[in-house]
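Enquirer: Handing you a structure now.
The values are calculated or read from the model by the stated rules, or taken from the named source; none is laboratory data. Treat the numbers as computed from the prediction; the structure is a model and nothing was measured. As a convention, Cβ positions derive from the backbone with ideal geometry for all residues, glycine included, and neighbour counts pool all protein chains shown.
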Amino acid sequence: MQLAQWPLSQLVGTLSTTREGGVSLPPFDSFNLASHVGDNAEHVAENRRILHGYVANPIVWLEQVHGAEVVVVDEQFEAAQVHQADAIYTRLRQTPLAIMTADCLPILLASESGEEVAAIHGGWKPLAAGIIANTLAKFRCAPEEIHAWFGPAIGPDAFEVGEDVVDAFEAQKSTAFKATKKGKYLGNIFALAETLLRQQGVIKCYGERHCTVSLPELYFSYRRDNITGRMATLIWRK
């Protein structure tokens, strides 16, 4: 388990899992938290039970669809309903919000006061569709009062993409993509997300920027292994 290293730790709880500490067998070894990847359902349930032991209340999960929808968790939120979205926001206390990834970028957001938090599934498709702007629109505070933290994701030496991905980010092409061979580029999803956040006024960004592909002992990676598990990144108001 890893915690966000940022100035809001006294106000906001965070948790980012690795692949270690669970019960799943290869190729999902061992702390896979996704039920849609082909893992044994009982093993996934046990891994989620272990994760729930680290938080005070039930975790809010999403069915992530690589879009730009944002779910707001408030007093009217129906926890039993399946929510298709790629970001989740709340002002409620002790309500853990979860994003699952295995190369895509998990982005945690929190207001400086600690009264508002959100989690974003930062794959390139949600980023291109405007998931960051849509999530920030839910915040009541000004963008300059929001802190962002990046969890582990595919690194800039491993994220090879084609013209279609680069074309989706024409304004960020020079800062986030490096041409390698005809029609291919290396993308820096961390730089891309930070640029998009800064364009919205969020300038306080943190994170170790670990590469999921190059650290197989710590992280699941879909790009590296194809059949693999998923990690979770959580945030909640204390």
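Enquirer: Enumerate the strands (runs of 3 or more DSSP E) found wholly within segment 154-238, keeping only those where 3 or more residues are within 18 Å of Gly123 (Cα to Cα) and in contact (Cβ under 8 Å) with a residue 24 or more places away in the chain.
Expert: Once the strands (runs of 3 or more DSSP E) in segment 154-238 are filtered for at least 3 residues that are within 18 Å of Gly123 (Cα to Cα) and in contact (Cβ under 8 Å) with a residue 24 or more places away in the chain, what remains is 184-187, 231-237.
Enquirer: To continue, here is another question. From the set of residues in segment 38-83 that are outside any helix (DSSP H, G or I), among the polar types (S, T, N, Q) and out of contact with any strand residue (DSSP E or B) (no Cβ under 6 Å at 6 or more places or on another chain), which is farthest from Ile131 (Cα to Cα)?
Expert: Asn40
Enquirer: So Val70 clears everything in (1) within 19 Å of the chain's Cα centre (by Cα); (2) surrounded by fewer than 18 Cβ atoms within 10 Å (Cβ to Cβ) except one condition, right? Which one?
Expert: Among (1) within 19 Å of the chain's Cα centre (by Cα); (2) surrounded by fewer than 18 Cβ atoms within 10 Å (Cβ to Cβ), Val70 violates only (2).
Enquirer: From Ala68, Ala79, grab the single residue that is modelled with pLDDT under 95 and either in contact with a helix residue (DSSP H, G or I) (Cβ under 7 Å, 6 or more places away or on another chain) or of a type outside the set (Val, Ile, Thr) (or both).
Expert: Details: Ala68 fails: modelled with pLDDT under 95.
Sole residue among the options that is modelled with pLDDT under 95 and either in contact with a helix residue (DSSP H, G or I) (Cβ under 7 Å, 6 or more places away or on another chain) or of a type outside the set (Val, Ile, Thr) (or both): Ala79.
Enquirer: Also: In the set Thr175, Thr180, which member is touching a helix residue (DSSP H, G or I) at 6+ places or on another chain (Cβ under 6 Å), surrounded by fewer than 16 Cβ atoms within 10 Å (Cβ to Cβ) and among the polar types (S, T, N, Q)?
Expert: Thr175
Enquirer: A further question follows. Does Glu145 satisfy the condition of being more than 17 Å from the chain's Cα centre (by Cα) and closer than 20 Å to Ser9 by Cα?
Expert: Answer is yes for this residue.
Enquirer: Somewhere in segment 40-54, is a residue charged (D, E, K, R), over 21 Å from the mean Cα position of the chain (by Cα), closer than 24 Å to Tyr222 by Cα and surrounded by 13 or more Cβ atoms within 10 Å (Cβ to Cβ)?
Expert: Kept after step one, since they are charged (D, E, K, R), are these residues of segment 40-54: 42, 46, 48-49.
Then drop every residue that is not over 21 Å from the mean Cα position of the chain (by Cα), which leaves 42, 46.
Now restrict to residues that are closer than 24 Å to Tyr222 by Cα: 42, 46.
If we keep only those that are surrounded by 13 or more Cβ atoms within 10 Å (Cβ to Cβ) as well, we get 46.
Yes - at least one qualifying residue is present in segment 40-54.
Enquirer: Condition check: within 28 Å of Cys205 (Cα to Cα), in contact (Cβ under 8 Å) with a residue 40 or more places away in the chain and not acidic (Asp, Glu). Does Pro27 satisfy that?
Expert: No.
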